Amino acid sequence: MQSLLSVSLPLTRATIKIRPISSRNRYLVIHSTKLRMDKSRHEPEREQDSLKINNIIESNPRVNKLQQLIHSDPSAYQVVGWEKSWEQGVTPWDLGQPTPVILHLLKAGALPKGRALVPGCGTGYDVVAMACPERYVVGLDISENAINKALEMSSSLPNADNFTFLKADFFSWRSTELFDLIFDYTFFCAIKPEMRLAWAQKMRDILKPGGELITLMFPVDDHVGGPPYKVSISEYEKVLHPMGFKAISIVDNEMAIGRRMGKEKIGWWKRSLSQSL
Ligand SMILES: C[S@@+](CC[C@H](N)C(=O)[O-])C[C@H]1O[C@@H](n2cnc3c(N)ncnc32)[C@H](O)[C@@H]1O
């Protein structure tokens, strides 16, 4: 068997050890934590797994209620539906805490410093967790209720000078500055699939050349409808590659919470260094 390759990626400030692509069990190590490498690009592998996963999404009454609210609003980006879901407290995605893998990457010092953005930030736990004197974080959400909730949760925190929350539509928002890092968790799966190319264009337009995009891909499954709409590695590649993004790594998220385990991958992408494409 071939030995591990050690690759130092200055942009992620992480030492990554990765088995050659030809190896069966591939591993990626970020600061001594082992995350299982993607075994296959066709998941779930077995029909049984697929059925189980579909049931999890479809049998959750809070997800059903969310879908009713979102589809009650035919307007662009389902703006009214998101506002209603926040108003009525129908927020089945909300973990009530920062995303564990983000805390892990922060502890490992693996996240870029500078300016970071969390689009579709919801209550903003990840915004607050990532903010520090070296990293200014912008949380953006289309819902006024979400932004008010985020402000209520965060305004008296000691690092309050290191983050801000904005109510804006990601697609029409004009940022005055570019970002070093963007973190997307359950935003890509929240928007209509036909908006995904526009999502990738916007990511390219607001990231610095060489900037990094972390996509926590969820739900990697085979269910019908949404939100959350099903995602896959190839769905991300399809829209990000033409925008000049390259994957640094894509691995299973073994720190996924509860029923998300097995349906979540961490994609780490880098925007091309050239300004124009
Ligand atoms: C599934 S929630 C995820 C919230 C948060 N990322 C989390 O993981 O807890 C999707 C969020 O995206 C927001 N959203 C939907 N469309 C948006 C848009 N066009 N621009 C900005 N935010 C949007 C919704 O209001 C909602 O808070």
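Rounded if a/c is under 1.5, else prolate if a/b is larger than b/c, else oblate: which is segment 210-250, with a ≥ b ≥ c the root eigenvalues of its Cα gyration tensor? Note, shape of segment 210-250 comes out prolate.
The Cα center of segment 180-221 and the Cα center of segment 153-173 differ in position by 18 Å.
Please say if segment 189-267 is rounded, prolate or oblate, where rounded means a/c under 1.5 for a ≥ b ≥ c the square roots of the C-alpha gyration tensor eigenvalues, and otherwise the choice is prolate for a/b larger than b/c and oblate otherwise? Numbers along the way, then the final one.
Numbers: a/c = 2.24, a/b = 1.36, b/c = 1.65.
Here segment 189-267 falls in the oblate category.
Taking the Cα of N60, stepping 7 Å toward and past its beta carbon, and measuring to each backbone N in segment 91-124: which are under 20 Å? Inside the label zone: 91-103, 119-124. Applying 1/(1 + (r/R0)^6) with r as the Cβ-Cβ distance of H241 and S175 and R0 = 25 angstrom yields a FRET efficiency of 0.60.
Multiply the residue separation of C132 and L197 by 0.36 nm, subtract the distance between their alpha-carbon atoms, and state the gained length in nm to one decimal. Each step should come with its number before you reach the end.
Details: separation 65, 0.36 × 65 = 23.40 nm, distance 3.17 nm.
Using 0.36 nm per residue and subtracting the Cα-Cα distance, I get 20.2 nm.
This model, with +1 at the C-beta of Lys and Arg and -1 at the C-beta of Asp and Glu, gives segment 130-173 a dipole about its Cα centre of some 40 debye. For segment 67-269, what class follows from the C-alpha gyration tensor (a ≥ b ≥ c being the square roots of its eigenvalues): rounded when a/c is under 1.5, otherwise prolate if a/b is larger than b/c, else oblate? Taking the square roots of the gyration eigenvalues as a ≥ b ≥ c, segment 67-269 is rounded.
Bear in mind these aren't lab numbers, they're just calculated from the coordinates by the rules spelled out. Nothing here was measured: the structure is a model prediction, and the numbers come from that model. Reconstructed Cβ throughout: ideal geometry from the backbone, glycine too, with neighbour counts over all protein chains shown.
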